[in-house]
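First up is the structure itself, then whatever we jot down about it.
The values are calculated or read from the model by the stated rules, or taken from the named source; none is laboratory data. Predicted model, so just to flag it, every value in this text is computed and none were measured. We place every Cβ from the backbone using ideal geometry, glycine too, and count neighbours over all the protein chains shown. Surface accessibility is based on the protein's heavy atoms, side chains included, excluding ligands, DNA and RNA. Shrake-Rupley method; radii C 1.70, N 1.55, O 1.52, S 1.80 Å.
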Amino acid sequence: MHNEKIHLTRIKRLLERQKQLLIRDKLPLETGFSATGGDFQPLALNSVWGKPWQTGWFRISGSIPEDWSGKDYRLLFDCDGEACLLLDGVPYQGFTPKVDWYHKAAKNLLPLASICKPGEDFSLLIDASANDLFGAQKEEYRLRECALVTFDEGLYQRLLDISLLLDLAETLPEKTVRRQRLIYGLNKVCDAWNTDQEMVQAILGDLLSKPAHASALTAFSVGHAHLDLAWLWPLSETRRKGARTFANALRLLEQYPDYVFGASQAQLYQWMKEDHPALYALVKEQVKQGRWEIQGSTWVEFDTDLISAESIIRQFMYGKRFFESEFGQAPRVLWLPDCFGFSGNLPQFLKGCGVDWFVTQKLSWNETNVFPHHLFVWEGIDGSRVLAHQLPTNDYNFSNNPSSFLETEKRYAQSELCDSFLNLYGIGDGGGGPTRDHIEYGLRQRNLEGVSKFRFSSSADFFDHLSGLDSSQLPVVYSELYLEFHRGTYTTQARMKQDNRNSEKLLAAAEFMAVLAGHAYPEKLRCIWQNTLLLQFHDIIPGSSITPVYEEAQTISAANHKLLNDYITATVREITDTGMPCKETSYLVVNPSNQELDEWLAFPKELQGLVPLNEYGTELPSLETENALLARIRVPAWGCLPLQFSTNGYLPKSGASPASLTLENRFLKVELTETGGVKSIWDKELERELLASESNLLLLWEDEPNNWGAWDINHFYRDTTPQAASGATLNQALSFALEEGFSRVVQDIRIGNSSLRQTVELRSDDRLLRVSHDIDWKEKHKMLRTHWFTDVHNGIASYGIQAGVIKRSSKPKNAFETAQFEVPAQRFADLSQPDRGCALLCDVKFGYRVVDGQMELNLLRSPADVDPTADIHSHSYTYAFYPHKGDYEHSDVFNQAEHLAHNLIVVPVQNLPDKLPEPLFRLESDHVNLDTVKPAEDGSGIILRFHEYKGQSGTALLFCAQTHAQAREIDLLEQPLETAPQKLDPYYPLNLDFRPFEIKTILLEELP
């Protein structure tokens, strides 16, 4: 066609003009507003009704003109914020203001024909919130539109035809036959528009009737509303967003018989059940009819790098049990379209929880390297395999535009093997779901020349369709799926991450105490688990939400920690109350872990002058400091120790030498610098220096990423000059060195605008150098890192992850390895050569860097975009440096990390029985850990969960004190496996065979 550009512009101008005519008649309505739902006051158009995050109610009154019979009459409503019409108290339809950059986001028209007839009066109640789809974007919120209008449905349908065909024409290659004919036909539509609408419809019908190519891919398409449970809005607003989203979905399901909608996250459904039971009942009916898909199998869409193995299991357990109980089905897919990287052990968790498929699109966000696959087999570190789909749409808020489908087909890496892909379309992140435009576009593309074949379906239909695919032809991706983006989320909002770890540890301790006391699973712990799982959502625990989210999260965590501590205390006293009253101050010390813990515990200063005694009356080492009485307590794995403070002392108190900058025991001699660094670590056994240069350098780096401040760290921070500590003072009063080799050096340090108290400890019989910080952090756009310079040479480093270890390059050789300049890890990173190595350990920090012998841990950062107050407060944390013999596989790095991560539980008691419970279990293995001891969920016995942590096969020996009991292997959800039970004998161990990195769960139950 001659001068194509002019004709394309003509078509666009027609669309622009005619869109203004969709709304015809317009009658203003009487509008009242109330902040509380009572005493409504008149509100004029353009009047301010709210400031950010305020809520209120609109009451709209009017009548439908009698002469509007046969017309499509609707409410036009726009309050600048999000809103929802309620009918008889039930959410009926949501309203969303326009988002300029977001295709088809606005929802402002409500059909009224089913609510009132011409000639009838009506009164509508609308719940409104002063926020936009993406948080509070305005300083004030005004009533922009409130009118009764008529809508030209026929014009709407013709404009959709034109806009879809125009988008297709502009995307097809120039000079192709289909493109030429589309532009020609649409130009003929312009010619006939004002004179012959029958011809217009005939031309459009002909252009839309051309069938898709035989090789066109099928887009299995499900309406979707990805809803972040918190992000740029607080948790309370998410519940309101959920109601609006679910109501919108129900209206569209009524209107379009082929439409299928889906939503994930058991937590969201639980909220709807609590807040809007009638709405929830309608959802359940649609699920039963197969029109509404339950997506994902977890409680929330959780972050996979920052939470524990047990938390991942409970995400599946709580999610699947909720869906099975409420809907009679449990999804078989892990649904994480928007998480920031995926742990290398996830496939094992999926298989162990009865989940076969994995869906994401986030890997398309890589900033350096393009992730090469869209349909692949994902193999975890233990060899477990699942089918994975990285959506080739690169989106979970797909527009259904032909241009987007064409781009999808072009990039789909496995199109030569697979004839289809999954498409999630609609308005997401802030919820809302698809609009009519999305669905109408889908209807027109079910069989249309030039684009993918649109198919209304569920995601389960797509994966069932793939069952006929020969998976052996698919590429295999091994270990983690690292996201080359959002690396700052390993560190941002440090208190949130620390609160999560405390919740995980307290829950584990409470479950162990329930076993020790012979309790069935405590119901009160279930609610705490649900709260904990909620806060593991992928925009909460990573640190990428607004200030109110973290204020609420801190309140929730504090309340949960109190409930857990109260339960643990009550359970300890239940165990001890049967004993004789204590004449002296007494405690019960409990070890809820698989490691023997040997700790110096601080007791109140009022106990100075007394001596600590164990159950045999043996005096324990102790030391009186300025603020406390320290006592050395050693408790076996899963054991208890009664502790009394007596006036009858036999041994002199431990003698303390004057403080210096040297710490020494029989293994190591450590010299500190006056500014808090470590100048030397001399290994007495190896007779060599372990550091290449001064270490524990605390450096303050510039932290100004290009975008996404809370999320990102850009590599170029290494090109800036970091700020070192400006000075340090040795705190003589808090520092000491004991004769038996326990040394503590406390220094007060200034760095940037922040003040830091650093405590370095080297304990007797220990190669672990502990570093603790109490810091008043006052930086903006800065990042605090600790740097250690080792004399170890290896191109591979080992990192702890949930229930396993992964290897990463420490001498990057290609673009993929170079992009991993900050990586997530749990509890440790280890750099070893065959004869020796060094590990950097921390339980509450997750961002590591190990390159060319240098080991770093990201301690704090303070972005100021979504939360201007992020981390600007006091922090306390501990990390450690551990030099060891052998490489990781021949060392005890894992055990040392476990020691550092776990704490003894100390509970004051009034009574102590003559005999306390002996440890119920004893594990003998140098490569298997007993991670979890808990009552069975169904009350059938005791659950023990293990994992192999060195990547080797072998047999672990489990000694159990129980008699008249048997052990049965079960899956991660506590469902039986097809293995025969074994009878327990207290004199003979249970042999447990493990493959590399295997997680194994055992149920101990009474013999039938």
* Specify whether the C-alpha gyration tensor of the stretch 218-478 places it in the rounded, prolate or oblate class, a ≥ b ≥ c being the square roots of the eigenvalues: rounded for a/c under 1.5, otherwise prolate if a/b is larger than b/c and oblate if not. => oblate
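For the stretch 918-1007, with all protein chains present and a 1.4 Å probe, just round the carbon and sulfur fraction of the accessible area to a whole percent.
48
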* Over all distinct alpha-carbon pairs, what is the Kirkwood Rh of the stretch 673-901 in angstrom? -> 18.2
* Roughly how many percent of the accessible protein surface of the stretch 139-282 is carbon and sulfur, given a 1.4 Å probe and a whole-percent answer? -> 51
* Quick one: Karplus J couplings for the stretch 638-645, per residue in order, coefficients 6.51, -1.76, 1.60, θ = phi - 60°, nearest Hz, x for Gly and Pro? -> 6, x, 10, 9, x, 9, 10, 10
* **Per-residue HN-Hα couplings for the stretch 338-347 [Karplus 6.51, -1.76, 1.60; θ = phi - 60°; Hz; x = Gly/Pro]** => 10, 8, 9, x, 9, 4, x, 9, 4, x
* To do: Please list the non-local residues whose amide H lies under 5 Å from the amide H of SER646, H modeled 1.01 Å from N, same-chain partners needing a gap of 5 or more.
  => VAL611, LEU613
* **Filtered GluC sites (Glu not before Pro), the stretch 384-417: DSSP coil and at most 14 other beta carbons within 10 Å** => GLU416
* Structure fact -> For SER754, the residues 5 or more places away or on another chain with a placed amide H closer than 5 Å to its own amide H are LYS778
* Asked: If r is the Cβ-Cβ distance from GLU626 to SER693 and R0 is 22 Å, what FRET efficiency results, to the nearest 0.05?
  -> 0.05
* Asked: Which distance in nm do the two modelled labels at SER63 and LYS5 give, with both placed 7 Å along the Cα-to-Cβ direction?
  -> 5.8
* So which aspartates and glutamates pass the test for LYS117, namely a Cα distance under 16 Å, with those fewer than 8 places away in the same chain ruled out? -> GLU66, ASP67, ASP72
* Starting from the Cα of GLN180, move 7 Å in the Cα-to-Cβ direction to define the label point; list residues of the stretch 1-36 whose amide nitrogen is under 14 Å from there. => 1-4
* Working out 0.36 nm times the residue gap between ALA113 and ASP88, then minus their Cα-Cα distance, what length gain in nm do you get to one decimal? -> 7.3 nm
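Taking every eigenvalue of the Cα gyration tensor of the stretch 503-551, multiplying by 5 and rooting it, what semi-axes result, largest first, whole Å?
Rounded to whole Å, the semi-axes are 29, 9, 7.
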* Asked: Per residue, what volume in Å³ does the Cα convex hull of the stretch 113-167 take up?
  -> 167
* Asked: Just how far, in whole angstrom, is the stretch 538-553 from the stretch 181-229 if you go by their alpha carbon centroids?
  -> 43
* Highest average packing first - 669-676, 890-897, Cβ atoms within 10 Å -> 890-897, 669-676
* Asked: Angle between the Cα long axis of helix 523-534 and the longest principal axis of the chain, 0 to 90 degrees, nearest 10?
  -> 60
* Prolate/oblate/rounded label for the stretch 358-480 (Cα gyration tensor, a/c 1.5) -> prolate
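Give me the percent relative contact order of the stretch 243-295, please, defined on Cα pairs under 8 angstrom at least 6 residues apart.
On the way: 42 pairs, mean separation 23.8, N = 53.
Across the stretch 243-295, relative contact order equals 45 percent.
Rounded, prolate or oblate, given the Cα gyration tensor of the stretch 592-735, with a/c below 1.5 counting as rounded?
The shape class here is prolate.
So, for the chain, what is the accessible surface per residue at a probe of 1.4 Å, expressed in square angstrom? The partial results should precede the final answer.
Numbers: 37770 Å² over 1008 residues.
Here the residues of the chain average 37 Å² of exposed surface.
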* Summarise the long-distance tail of P(r) for the stretch 486-577 by giving the % of C-alpha pairs beyond 20 Å. => 39
* Asked: At 20 °C and 1.002 mPa s, what whole-number value in µm²/s does Stokes-Einstein give for the translational diffusion of the stretch 220-275, with Rh from the Kirkwood sum over Cα pairs?
  -> 178
* Structure fact -> The extension gain from ASN911 to ARG436, computed as 0.36 nm times the residue separation minus the Cα-Cα distance, is 164.1 nm
* Asked: Under a plain spin-label model, where a point goes 7 Å from the Cα along Cα-to-Cβ, how far apart in nm are ALA864 and ALA520?
  -> 5.5
* Theoretical ellipticity at 222 nm over the chain - DSSP helices of four or more residues, -39500 (n - 2.57) apiece, nearest 500 -> -7500 deg cm²/dmol
* Pairwise label distance in nanometres, PHE122 with LYS780, each label 7 Å out on the Cα-Cβ vector -> 5.0
* Long-range amide H contacts for ARG332: which residues qualify at under 5 Å (H placed 1.01 Å from N, peptide plane, sequence gap of 5 or more or a different chain)? -> none
* To do: Quote the relative contact order of the chain in percent (integer), defining contacts as alpha-carbon pairs under 8 Å separated by 6+ residues.
  => 10
* Asked: When the Karplus curve 6.51 cos²θ - 1.76 cosθ + 1.60 is applied with θ = phi - 60°, which whole-Hz ³J(HN,Hα) does each residue of the stretch 592-605 get, with x for Gly and Pro?
  -> x, 9, 8, 10, 5, 9, 10, 10, 8, 9, 9, 10, x, 4
* Just the number, please: carbon plus sulfur as a percent of the accessible area of the stretch 486-577, 1.4 Å probe, no ligands or DNA/RNA counted. => 53
* Within 10 Å, count the other beta carbons around each residue, average over each peptide in 214-224, 41-51, 922-932, and list them highest first. => 214-224, 922-932, 41-51
